[in-house]
Amino acid sequence: MAPPNPNAQRYSPTTMWDSTPLFQFADMQEIIQNFVRVHVDAPGMEEGAPVFPLGYQYPSLDQLADMIPCILQYLNFSTIIGVGVGAGAYVLSRYALTHPDTVEGLVLINIDPNAKGWMDWAAHKLTGLTSSIPEMILGHLFSQEELSGNSELIQKYRNIITHAPNLENIELYWNSYNNRRDLNFERGSDITLKCPVMLVVGDQAPHEDAVVECNSKLDPTQTSFLKMADSGGQPQLTQPGKLTEAFKYFLQGMGYMASSCMTRLSRSRTASLTSAASLDGNRSRSRTVSQSSESGHLPSGPPGHTMEVSC
């Protein structure tokens with residue numbers, strides 16, 4: 001990441017659930033002002049998207065990852081720092097496995113790197129017999145406690161999804177996500193993420209176990225794990241302040257935003273983050289973020305960029 005490139009194009013369409021609200025948070029504006037941000041929607045998820053014709057074969061998540069190089073080439077981006085939620089986190093991870101030299105870092109919220117097992121498929125089929133697509137998606141996004149509470153946030157997203165004009169497209173994307181392949185992460189093997197990674201999940205999120213398992217399979221010297229208290233299934237919506245601060249620490253650990261004004265993350269309300277340092281070229285970078293991180297050093301060389309992939 002680097003100061004804005006005035007020649008770079010910016011894309012930030014509105015989507016239903018992704019990391020966009022996080023980047024609209026007031027404290028995130030310091031990052032927005034210093035970096036080029038690109039938001040990428042999956043096909044048919046953009047605002048005003050027409051409904052795909054009957055029989056349309058929606059791309060797999062692997063195929064979506066294979067589209068990213070064309071986007072980067074079009075925008076003339078050499079490297080990115082990716083931010084993804086759910087399916088977007090999976091797509092960015094798949095891309096990083098095949099193009100590690102172009103990914104400087106990843107922030108992965110609610111990632112599930114595992115393919116569905118037989119028990120998952122059975123549960124999914126049974127749920128499909130009694131629940132509508134909107135309710136199944138809400139159960140994927142939010143915890144049962146949140147859904148039972150029926151807060152204003154839940155009502156808002158239930159209304160958005162239920163009345164989405166492109167609900168047929170959303171169902172295709174939903175099916176593509178449920179047919180994802182296993183990323184096969186394995187600690188100490190070649191099948192791993194080679195860049196700094198920050199894993200984020202709420203302490204009662206539906207994806208908590210999957211993210212914890214993912215953390216156990218990645219390189220501990222490259223990975224930080226943030227389990228956020230009182231954040232439910234979508235921490236970027238319910239705890240944007242804490243997540244923004246963690247993101248800034250993550251960037252500082254990579255050598256960016258040295259002059260950023262920081263405060264300490266609450267030690268009692270967030271999960272612990274580990275830190276370690278390693279050399280990258282001619283500069284030292286912390287590969288993970290810690291709650292007591294100090295200012296880093298501004299990197300030299302070509303600018304990087306942020307890329308969001310929506311869920």
With Gly139, Gly82 as the choices, which residue is more than 17 Å from Phe185 (Cβ to Cβ) and modelled with pLDDT of 90 or more? Gly139
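Look at region 72-96 and say how many of its residues are of a type outside the set (Lys, Arg), open to solvent by less than 50 Å² (accessible area, probe 1.4 Å) and assigned to a helix (DSSP H, G or I).
As a first pass, look at region 72-96 and keep what is of a type outside the set (Lys, Arg): 72-93, 95-96.
Right, trim to open to solvent by less than 50 Å² (accessible area, probe 1.4 Å) and you get 72, 75, 77, 79-93, 95-96.
Filter once more, so that each one left must be assigned to a helix (DSSP H, G or I): 72, 75, 87-93, 95-96.
The total comes to 11.
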Name every residue in region 149-169 that is in contact (Cβ under 8 Å) with a residue 40 or more places away in the chain and in a helix (DSSP H, G or I), in order of residue number. Leu153, Tyr157, Ile160, Ile161, Glu168, Asn169
Scan of region 151-168 for residues that are surrounded by 13 or more Cβ atoms within 10 Å (Cβ to Cβ) and either β-branched (Val, Ile, Thr) or over 21 Å from the mean Cα position of the chain (by Cα) (or both), ordered by number: Ser151, Ile154, Arg158, Ile161, Thr162, Ala164, Asn166, Leu167, Glu168
Given the conditions (1) farther than 30 Å from Glu30 by Cβ; (2) touching a Phe, Trp or Tyr at 6+ places or on another chain (Cβ under 9 Å), which single one is not true for Ala210? (2)
Cross-chain or 6+ apart pairs with Cβ under 6 Å, region 188-213 first and closer than 18 Å to Ile137 by Cα, then aliphatic (A, V, I, L, M) and buried (at least 18 other Cβ atoms within 10 Å of the Cβ): Val201/Val211; Gly202/Met228; His207/Val201; Glu208/Val201
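Yes or no, residue by residue, for (1) buried (at least 17 other Cβ atoms within 10 Å of the Cβ); (2) at pLDDT 85 or above:
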| position | (1), (2) |
| --- | --- |
| Thr15 | yes, no |
| Gln33 | no, no |
| Gly48 | no, yes |
| Pro53 | no, yes |
| Leu64 | yes, yes |
Please return the ranges of helices (runs of 4 or more DSSP H) entirely within region 170-257 where 2 or more residues are open to solvent by less than 10 Å² (accessible area, probe 1.4 Å) and either over 18 Å from Arg94 (Cα atoms) or polar (S, T, N, Q) (or both). 235-238, 240-253
Any residue in region 33-58 that's charged (D, E, K, R): show its pairings with residues that are part of a loop (DSSP other than H, G, I, E, B) at Cβ separation under 6 Å, as long as the two are six or more apart or on different chains. Asp41/Pro13; Asp41/Thr15; Asp41/Ser310; Glu46/Pro13; Glu47/Pro13; Glu47/Thr14
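The values are calculated or read from the model by the stated rules, or taken from the named source; none is laboratory data. Treat the numbers as computed from the prediction; the structure is a model and nothing was measured. We place every Cβ from the backbone using ideal geometry, glycine too, and count neighbours over all the protein chains shown. Keep in mind that these areas ignore ligands, DNA and RNA; they rest on the heavy atoms of the full protein, side chains included. Shrake-Rupley method; radii C 1.70, N 1.55, O 1.52, S 1.80 Å.
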